[in-house]
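Notes follow the structure.
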There are 2 protein chains.
Amino acid sequence: MKNKPDVLIVGAGAIGSFYGAILKKAGCRVSTVLRSDYEMVKAQGVRITSPLGDLSYQPDQVYRDGEVPSEAPDFLILCVKVLPGVDRVKLVAPWMGEKTCLVLIENGLGIEKELADAYPSNPLISCLAFIAVSRAESGVIEHKAHGKLVMGQYPEGINDNCRVLSKLFQQGGININLTEKVVGERWRKCLWNTPFNPLSVIADGADTRTILETPGGEALIRAMMQEVVDVAAAEGHPMKQELIDKNIAGTRKMPAYRNSMALDYLSGRPIEREAVLGNVVAIAEHHGIAVPHLNTVLVALKMRAELEAGHRINGDEGIS
Amino acid sequence: MKNKPDVLIVGAGAIGSFYGAILKKAGCRVSTVLRSDYEMVKAQGVRITSPLGDLSYQPDQVYRDGEVPSEAPDFLILCVKVLPGVDRVKLVAPWMGEKTCLVLIENGLGIEKELADAYPSNPLISCLAFIAVSRAESGVIEHKAHGKLVMGQYPEGINDNCRVLSKLFQQGGININLTEKVVGERWRKCLWNTPFNPLSVIADGADTRTILETPGGEALIRAMMQEVVDVAAAEGHPMKQELIDKNIAGTRKMPAYRNSMALDYLSGRPIEREAVLGNVVAIAEHHGIAVPHLNTVLVALKMRAELEAGHRINGDEGIS
């Protein structure tokens with residue numbers, strides 16, 4: 001591997017653009033693959049405001065779908081949302097070289113396997129981002145707080161690629177937790193996300209304080225968290241029971257905020273329902289574990305998706 | 001009791017106006033207590049289109065809150081929605097005579113007790129309406145289909161008041177099922193309403209077909225129905241297990257439609273959350289019966305109500 005590797009960000013939204021900026025700052029050659037912001041970024045780069053300072057940069061190359069670099073990148077960082085209509089295997093295919101290390105900075109559970117299966121000889125790094133960042137307008141990203149990455153080789157271990165990449169991120173000012181068990185870390189993150197995120201959507205975009213302070217709200221969150229703990233344990237990723245208390249207490253300490261799925265919902269953007277919730281319920285079913293609270297939320301979200309897909313009826317007769 | 005009794009409809013919305021028309025047709029003296037439609041109905045009566053013919057009528061008296069009739073009615077028919085902010089005991093107080101029979105045509109479970117407690121020496125009739133009727137505009141009601149009433153004395157039995165009133169409704173063209181066990185009948189109606197109605201709200205107003213045909217939808221409805229069956233049995237109102245199959249099959253046979261709570265939700269009107277769902281969950285808790293599916297929906301609805309009550313946060317920071 002070169003001392004300053006070539007990095008390609010596929011899906012350079014808020015998260016991808018931000019971590020690209022960090023690697024650029026660390027001296028990497030950073031290119032991006034863009035869709036809607038292609039023209040803007042090609043013309044004037046990415047502008048990023050951040051507590052870390054001005055992180056604005058001009059990617060070394062700006063690509064769009066269909067274009068291919070002359071040389072495959074050392075690291076291909078995939079930051080697209082994990083959505084049913086998005087074929088991530090196909091999305092990265094044109095850019096994958098023989099030795100390209102595929103890096104996922106994405107939410108959810110069970111999201112690595114299809115990529116690992118499709119590219120069995122490429123190293124695969126799985127990352128969890130703890131960050132508050134959003135796209136203000138085309139080519140303009142606002143990094144508000146945090147930024148830590150939890151990183152490990154998939155399905156487990158820490159390889160040289162992890163070490164190289166984590167050092168680069170650290171040089172750019174980002175905290176990195178290297179982990180031997182990144183799948184277990186995904187379960188720990190989902191302990192919070194799987195209850196809070198989807199529940200906030202069926203509760204019409206509710207913030208953390210509303211969720212916890214509504215009568216029965218904390219108890220419901222705890223029941224959903226317990227279901228996540230049970231499923232994780234069956235999958236070989238036991239979590240300490242007190243982690244539930246810690247998650248509740250930690251959330252209560254923070255000011256009220258809306259999670260990323262609530263914001264996606266309120267903005268009419270698609271939500272990562274399967275990655276964050278559906279896969280957990282499917283794994284529960286595989287193990288024969290009852291998850292009635294999670295399942296109720298999942299099915300309600302599926303009904304909403306059916307309606308959004310245009311399967312609404314025209315009649316409006318109500319029977320009392 | 002007079003041969004043609006005096007009837008007062010309190011809360012003459014779509015349902016109250018319709019059943020008032022039926023009793024008017026049967027020869028009763030029918031007066032109404034109105035709020036928003038007072039001026040319109042006072043000036044030009046109630047216009048009702050119906051498969052039963054033109055049911056339009058001029059109430060004998062049109063009252064509004066604060067006014068009191070010179071003579072108390074024989075039957076006071078209460079048709080307001082059962083909502084947390086609505087004090088039904090207070091609402092009927094000015095109109096209740098010593099011998100006035102109080103008649104409830106209202107949805108939900110556990111809705112009689114506070115009125116029975118407040119007026120212990122007045123006869124109390126509890127009714128369930130199976131009807132499709134709506135208010136098109138001020139003073140204009142559209143009766144679309146059905147109309148059957150299930151009727152009994154509260155808490156149980158069939159008294160002379162039931163017999164008199166049921167005959168009058170039948171004369172007006174309405175089917176009546178007199179029942180010795182009206183509370184059990186409420187549970188039978190809630191077997192459908194308690195799952196379908198609140199679930200349709202968190203599923204953004206989903207119709208019956210969407211609810212049943214979404215993957216996992218029928219299974220979720222069946223799980224919620226099973227919880228209602230379990231709670232009803234603990235309350236001394238056992239239902240046959242096959243009633244669940246019958247409800248599902250019956251719903252599938254009908255064209256897709258939105259239930260009344262879904263319509264209320266979509267129109268921004270308040271929903272009868274506690275009467276239809278909250279009371280069932282409270283009774284379950286009283287008996288120590290787990291109702292995780294019902295409870296998840298209930299708490300999500302409470303969170304939505306918190307947001308609607310203006311407890312939204314201003315910040316919108318999302319943490320991924």
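Any read-out appearing in this document is the output of simple, stated calculations on the displayed coordinates, not a laboratory observation. Keep in mind it's a predicted model, so treat the numbers as computed, not measured. Every residue, glycine among them, receives a Cβ derived from its backbone with ideal geometry; neighbour counts consider all protein chains shown.
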**Message:** Defining the label point at 7 Å along Cα→Cβ, can you sort the distances from residue B:171 to the same site in each other copy, shortest first, in nm?
**Reply:** 9.6
**the range A:216-320 - percent relative contact order, Cα under 8 Å, separation 6 or more** = 31
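Determine the percent antiparallel among the DSSP beta bridges restricted to the protein assembly as shown, to the nearest 5.
35
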**Request:** Compute the projected area of the convex hull of the Cα atoms of the range A:184-312, averaged over all viewing directions, and report it in nm² to one decimal place.
**Result:** 7.9
**Message:** I want to verify a result. In a Gaussian network model of chain B, Cα cutoff 10 Å, which of these has the top mean-square fluctuation: B:51, B:198, B:73?
**Reply:** B:51
**Message:** As a test of the definition: which semi-axes, in Å, follow for the range B:6-180 when you take the square root of five times each eigenvalue of its alpha carbon gyration tensor? Largest first, please.
**Reply:** 22, 19, 15
**Prompt:** If only Cα atoms are counted, what is the Rg of the protein assembly as shown, and what is its Dmax, in Å?
**Reply:** 30.2, 101
**Asked** What residues have an amide H closer than 5 Å to that of residue A:177, excluding those fewer than 5 places away on the same chain, when H is modeled at 1.01 Å from N in the peptide plane?
**Response** A:149, A:150, A:151
**Asked** Which one of B:52, A:122, B:105 has its Cα pushed farthest toward the positive end of the charge dipole of the protein assembly as shown, where Lys and Arg give +1 and Asp and Glu give -1 at the Cβ?
**Response** B:52
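From the gyration tensor of the Cα coordinates in the range A:178-249, what semi-axes in whole Å does the equivalent ellipsoid have, largest first, with each one equal to sqrt(5λ)?
On the way: eigenvalues 108, 30, 22 Å².
Semi-axes from the Cα gyration tensor: 23, 12, 10 Å.
Given the alpha-carbon gyration tensor of the range B:81-209, what are the semi-axes of its equivalent ellipsoid in whole angstrom, ordered largest first, with each equal to the square root of 5 times an eigenvalue?
On the way: eigenvalues 127, 68, 56 Å².
Semi-axes, largest first: 25, 18, 17 Å.
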**Prompt:** Shortest first and in nm to one decimal, what separations exist between residue B:138 and its copies in the other chains, measuring from label points 7 Å along the Cα-to-beta-carbon line?
**Reply:** 4.9
**Complete:** Largest fluctuation, A:32, A:49, A:194 only, Gaussian network model of chain A with Cα springs under 10 angstrom, belongs to A:49
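With +1 on the Cβ of every Lys and Arg and -1 on the Cβ of every Asp and Glu, and nothing else charged, how large is the dipole of the protein assembly as shown about its Cα centre, in debye rounded to the nearest 20?
Numbers: 70 positive and 76 negative charges, 81 e Å.
Its charge dipole is roughly 400 debye.
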**Prompt:** the range B:35-71 to the range B:204-273: how many Å between their Cα centroids?
**Reply:** 34
**Item:** lysines with Cα under 21 Å of residue A:81, excluding same-chain neighbours fewer than 8 positions away
**Value:** A:90, A:113, A:144, A:148, A:189, A:302
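Find the percent of Cα-Cα distances in the range B:161-216 that exceed 17 Å, and round it to a whole number. Intermediate values should be presented prior to the final figure.
On the way: 891 of 1540 pairs.
Here the tail beyond 17 Å accounts for 58 percent of pairs.
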**Request:** Could you give the spread of the C-alpha atoms of chain B along their three principal axes, from largest to smallest, in whole angstroms?
**Result:** 65, 46, 38
**Message:** If you take each beta carbon of peptide A:289-297 and count the beta carbons of other chains within 10 angstrom, what is the mean?
**Reply:** 5
**Prompt:** Taking chain B as a Gaussian network, where each spring joins two C-alpha atoms under 10 Å apart, which residue of B:31, B:56, B:121 fluctuates the most?
**Reply:** B:121
**Prompt:** What ³J(HN,Hα) values, in whole Hz, does the Karplus curve 6.51 cos²θ - 1.76 cosθ + 1.60 give for the range B:176-191 when θ = phi - 60°, with x put for Gly and Pro?
**Reply:** 10, 9, 7, 9, 6, 10, 5, 5, x, 5, 4, 4, 5, 5, 5, 4
**Prompt:** Expressed as a rounded percentage, what relative contact order does chain A have, with Cα pairs under 8 Å and six or more residues apart?
**Reply:** 15
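Two decimals is fine: what's Rg over Rh for the range A:236-299, C-alpha atoms, Kirkwood radius as Rh? Provide the component values of the computation, followed by the final result.
Numbers: Rg = 14.4 Å, Rh = 14.1 Å.
My calculation puts Rg/Rh at 1.02.
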**Request:** Give the nm distances, rounded to one decimal, from residue A:290 to the matching residue in every other copy, measuring between label points 7 Å along Cα toward the beta carbon; shortest first.
**Result:** 0.5
**Asked** What list of ³J(HN,Hα) couplings, whole Hz, do you get for the range B:203-217 from phi and the Karplus terms 6.51, -1.76, 1.60, once you set θ to phi - 60° and write x for glycine and proline?
**Response** 8, 6, x, 4, 7, 4, 5, 4, 4, 7, 9, 5, x, x, x
